[in-house]
Amino acid sequence: MNRLTEKTESFLAIKRVLESHNNAFEGKPNAIAFRDSFFERTATLSQLSAAMVRPVKSLYTTRRDQRLALQQRLLLITDFGIMLAKNAQNNGMLTIFLHYKKRLRSISVAAMLQVATDELQLLDQHRSLAEALGLPATEIQDLQQLITDLRALYELTQNQLDQRRNQRLRALALINECQDILKFELDKFVSFHAGEWPVLSQNYSHLRRRRRRHQSNKLSETSDIIGTVSDAGTGLPVAGATVKLIEQGWSITTDADGDFLFDELPAGHLTLSCHASGYEVPEIAAIVLGMNDHVVWNFQLTKLASGS
């Protein structure tokens, strides 16, 4: 995101210089056309940059809270399901609920929604016995509402991420188009008329030379990895955990919500490690990151045994 902002600010600075020397373009309709084309693309790029200024992490915050709410409710329902299966002497159902209990603290949002839906169906098939064991109808209704809310929020977040990807792709295209106009048209025009418009040439060339000393003209398609570090036993976030992106040699500390974010990453095979005081070190995470991709990876940490 920083590189997109830098490119946008650079183009806007050039636009201001050109606007302050409109007289240099008078009587030259073709020059006005490619100058205005640069202006239009820069304005659109500025709008896209402003729309993307909110970090990717913010898209997940509400969904994370909803996921934790559903997870806590499912843990209770799963324990009730185990009791129900034992009472009904239904070994098949018991196996299912025991399996879900092991998975609930580490599965993705999509998988959690599938588990919740399946558990609802199982409870509905044994509604009479469930009620006899003390499961109120409101509990089922509340769980169904949590599933509905999280599914809607999950789809909304995915749509927002898709929109963000499209915005980034559009921004990349605009940057390349602006660079072509600068390189093949505006650079040549300003250079040719430098004797007639020396101040324009000086200011414009200064901005162009400054950009060339920095990064390449092309803005690479970059991706993000976002995630949360939590306690496997309680589900609570682990603040102050260290997450490392091994290939880049980057290290970040989780915030109060246990969240971490690595952005502007290249596509390819990446590995994450995690460490927190008082917890076992989890397995290294191997991630395949696509171009302009957004990956969520969560770590669940197990507390060290007393005396370790």
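The values are calculated or read from the model by the stated rules, or taken from the named source; none is laboratory data. Only a predicted model underlies this, so the values are computations on that prediction, with no experimental measurement involved. Cβ: placed from backbone, ideal geometry, glycine included. Neighbour counts: every protein chain shown. All accessible areas refer to the heavy atoms of the entire protein, side chains included, with ligands and DNA or RNA removed. Shrake-Rupley method; radii C 1.70, N 1.55, O 1.52, S 1.80 Å.
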Q: May I ask you to list the residues in the stretch 269-279 that are under 14 Å from residue 246 (Cα atoms) and either surrounded by 12 or more Cβ atoms within 10 Å (Cβ to Cβ) or touching a residue at least 24 places away in the same chain (Cβ under 8 Å) (or both)?
A: 270, 271, 272, 273, 274, 275
Q: Tell me which residues, restricted to the stretch 1-14, are within 16 Å of residue 187 (Cα to Cα) and buried (at least 18 other Cβ atoms within 10 Å of the Cβ).
A: 10, 11, 14
**Q.** Given (1) within 30 Å of residue 11 (Cβ to Cβ); (2) at pLDDT below 95; (3) open to solvent by 20 Å² or more (accessible area, probe 1.4 Å); (4) more than 28 Å from the chain's Cα centre (by Cα), number of the condition residue 307 does not satisfy
**A.** (1)
Q) Within the bounds of the stretch 119-129, is there any residue that is among the small types (Gly, Ala, Ser) and open to solvent by less than 70 Å² (accessible area, probe 1.4 Å)? A) no
(Q) Between a residue in the stretch 281-302 that is more than 20 Å from residue 110 (Cα to Cα) and any residue that is part of a loop (DSSP other than H, G, I, E, B) and not hydrophobic (A, V, I, L, M, F, W, C), which pairs come within a Cβ distance under 6 Å, given they are 6 or more apart or on different chains? (A) 291/221; 292/221; 302/280
Q | Selected residue [at pLDDT below 90 and open to solvent by 10 Å² or more (accessible area, probe 1.4 Å)] from 266, 282 | A | 266
(Q) All but one of (1) over 25 Å from residue 164 (Cα atoms); (2) without any contact (Cβ under 8 Å) to a residue 60 or more places away in the chain; (3) aliphatic (A, V, I, L, M) hold for residue 241; state the number of the condition that does not hold. (A) (2)
(Q) Here's a check for you: in the stretch 148-177, which residue that is hydroxyl-bearing (Ser, Thr, Tyr) and touching a residue at least 40 places away in the same chain (Cβ under 8 Å) is nearest to residue 10 (Cα to Cα)? (A) 157
**Q.** Subset of the stretch 226-248 (residues that are touching a helix residue (DSSP H, G or I) at 6+ places or on another chain (Cβ under 8 Å) and of a type in the set (A, V, I, L, M))
**A.** 226
